[in-house]
Structure formats: structure tokens, C-alpha cells
Amino acid sequence: MPPKKTIYYEDLLNDDFANTGFDYKPLPDNFKYSTRNPIARFFSFIFYYAFGIPILWLYAKIATGFRIVGKKKLRKSHLKGGYFIYGNHTSACDAMFVPAGLLPPKRVAIVCGQAAVSKAFARPFEMALGALPLPETPNQKKAYTEEMAKRLHKGHAILIFPEAHIWPYCTMIRPFPDTSFTYPATFGSPVVAVCTTYEKRRFCKKGKPRAVIHVSEPFYPDMSKPLGERAHLLREAVYNFMVETSSSLDNVEYYRYLPKKEEAEQSEEKK
């Protein structure tokens, strides 16, 4: 299956090819990550389980035909309490695979940029579905950390995409820093990696490939080591799992990603 198109990138860490159309609007300094209002909490619960998760599952299934490999690893590990899940970012549906396909009925918080919740009219629904926007001010950071601790205490999972930017159908794992692994290293929480690969569809071989989500065994922070080393070791475990998974399987290259310099070289050859 030859690639449908080639995309040239300049910066592995910062280029974004999602075209989500989100307008960046910073959240207020005193942004509330959750509410204590029992009525609002009740309706959030109903919306999440009765509407949000079924709709997300249906949309992701239609859009990608996804399937999950390794689900039994989570059941056999008997993880208690909250934990972190890290995945590669190759589709807007990535945020739906874990809460809708892998973890029901466990509730999932999805770490995202503030641009994802910038529209005020949609924000209550996005927050009810688990959006956890990253902080940008000291006050937001304090509230964010407290909210994350609260979610873990309740037994929720926290989903993080360390690559940060969406590269549709990307079959390589982009480098990412240790930074986002500071959270499980601080809280002493287990970490699970998920890696999305792509395969030909059985009855639609010329169409878009099917997303396959592979689940790792849990990784645990070594609390006897310094914080920075704990975070680095978790990052290495997750990164190695993703690289091995994406490279060792029949991962369909629907879009090909090449560095910008190769585009220039090809243009010179044509001349």
C-alpha cells in the first residue's frame, strides 16, 4: 500500500499537522478545573456515561474502525487507584480510543492544551468529557496539580500525549522530553503506554487504514531514585515500547513524513 501523500516537516517537536481550527484563547487565571456543586457533578456523570462515551465510541469506530490489542494486560495487572496512560498522537480520535474503547467504566481525564477548550459554549461539555487543560500561570498550575491529585485519588486514569502535536497516520514515534513524566514520578503512580499503529482494512483495502491500539504492561516509578531520574526511566520505558511496537509490526504508511531538506533535494534533482 503506497503512501497516499508525503508531508515534509521542519521540527519534530513543534510542527503540527492537525488542522483542528482551534483558536487560542487563554483561560482565566482563576480557572476552576472542577465544581463542588452536587447537581452539576450529577449531570456531568450522566453526560459522561450516558451520552459522551457511547457517542465517542461510535464516532471513533466509524472514523477509524479501531481495535485494541492487549486489553487483558490491564485486567491481569489489577491496577488499583488512578494511573497514567501515555500514547502517540496520530489522530484527533486518539483521545477517544482510551476512554471509549479501553477503559470503560473507569473515568479518564485527558490532558490537552488550552486551545482545545477555548470556546466558552463548548467548554462545559469538554470538561465533562474529561478535558484537563494544561496550566499557564502559577495559580492555574496549583489548581491543576490539586485536580490531578484528586482525580488519581478517585481512581481515574489520566491520558497524556507526550508528542503534544497531532501528525495524522504517522508511523514513527517522535522524540519527547521527560517533562510530562514528572507527574507519575511525583505521585508514585503506575504508567501504561498505548501505541497506535495502522493496518489495511479487510474489505476496503484502498481506503483509510484501521487504527490498532496496542497496550503495554504497567511501568512503575522507582521511588528510591531522585525525581528527575524516576521521570527519565518512565519516559524511556514508554518510548521504547512505542518504538518497538510501531516498527516491529506491519504498520501501514498511509502518510509519509520526511524532513524538509529531502523536499529541497528532490526539487534540485528534478531541475
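The values are calculated or read from the model by the stated rules, or taken from the named source; none is laboratory data. This structure is a prediction, so every number in the text was calculated from the model and none was measured. Backbone-built Cβ (ideal geometry, glycine too); neighbour counts: all protein chains shown.
Here are the numbers:
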| item | result |
| --- | --- |
| Pick from the range 152-167, criterion outside any helix (DSSP H, G or I) and more than 13 Å from the chain's Cα centre (by Cα), ranking: surrounded by the fewest Cβ atoms within 10 Å (Cβ to Cβ) | Lys154 |
| Selection count, the range 183-201, where residues are touching a Gly at 6+ places or on another chain (Cβ under 8 Å), outside any loop (DSSP other than H, G, I, E, B) and of a type in the set (S, T, N, Q) | 1 |
| Complete set of residues in the range 72-95 that are of a type outside the set (Phe, Trp, Tyr) and within 21 Å of Lys154 (Cβ to Cβ) | Leu74, Arg75, Ser77, His78, Leu79, Lys80, Gly81, Gly82, Ile85, Ala95 |
| Condition check for Ala63: free of Cβ contacts under 8 Å to residues at least 40 places away in the same chain, surrounded by 14 or more Cβ atoms within 10 Å (Cβ to Cβ) and assigned to a helix (DSSP H, G or I) | yes |
| Among (1) within 22 Å of Ile62 (Cβ to Cβ); (2) in contact with a Leu (Cβ under 7 Å, 6 or more places away or on another chain); (3) assigned to a loop (DSSP other than H, G, I, E, B); (4) not hydroxyl-bearing (Ser, Thr, Tyr) - the single one His89 does not satisfy | (2) |
| Residue match in the range 109-116 (condition: surrounded by 18 or more Cβ atoms within 10 Å (Cβ to Cβ), in contact with a Leu (Cβ under 6 Å, 6 or more places away or on another chain), modelled with pLDDT of 95 or more and under 26 Å from Leu12 (Cβ atoms)) | yes |
| Matching residues, the range 180-235, being more than 25 Å from Ser248 (Cβ to Cβ), touching a strand residue (DSSP E or B) at 6+ places or on another chain (Cβ under 6 Å) and among the aromatic types (Phe, Trp, Tyr) | none |
| Output for the range 92-116, where each listed residue is assigned to a strand (DSSP E or B) and touching a residue at least 24 places away in the same chain (Cβ under 8 Å) | Val108, Ala109, Ile110, Val111 |
| In the range 117-126, residue surrounded by the fewest Cβ atoms within 10 Å (Cβ to Cβ) [restricted to those that are assigned to a helix (DSSP H, G or I) and in contact (Cβ under 8 Å) with a residue 24 or more places away in the chain] | Phe125 |
| Some residue of the range 67-81 being assigned to a loop (DSSP other than H, G, I, E, B), in contact with a strand residue (DSSP E or B) (Cβ under 6 Å, 6 or more places away or on another chain) and surrounded by fewer than 23 Cβ atoms within 10 Å (Cβ to Cβ) | yes |
| Number of the exception - Tyr144 against (1) in a helix (DSSP H, G or I); (2) more than 21 Å from Val191 (Cβ to Cβ) | (2) |
| Failed criterion for Tyr49 (all others in (1) surrounded by 14 or more Cβ atoms within 10 Å (Cβ to Cβ); (2) in contact (Cβ under 8 Å) with a residue 40 or more places away in the chain hold) | (1) |
| Search result, residues across the range 209-246 that are of a type in the set (Asp, Glu) and part of a helix (DSSP H, G or I) | Glu229, Glu236, Glu244 |
| Only one of Thr171, Thr196 that is hydroxyl-bearing (Ser, Thr, Tyr), more than 22 Å from Arg107 (Cα to Cα), touching a residue at least 24 places away in the same chain (Cβ under 8 Å) and crowded, with 20+ Cβ neighbours inside 10 Å | Thr171 |
| Residue check for Phe161: closer than 19 Å to Tyr24 by Cβ and modelled with pLDDT of 95 or more | yes |
| Answer from Ala95, Ala40, Ala100 - the residue that is out of contact with any helix residue (DSSP H, G or I) (no Cβ under 7 Å at 6 or more places or on another chain), surrounded by 20 or more Cβ atoms within 10 Å (Cβ to Cβ) and at pLDDT 90 or above | Ala95 |
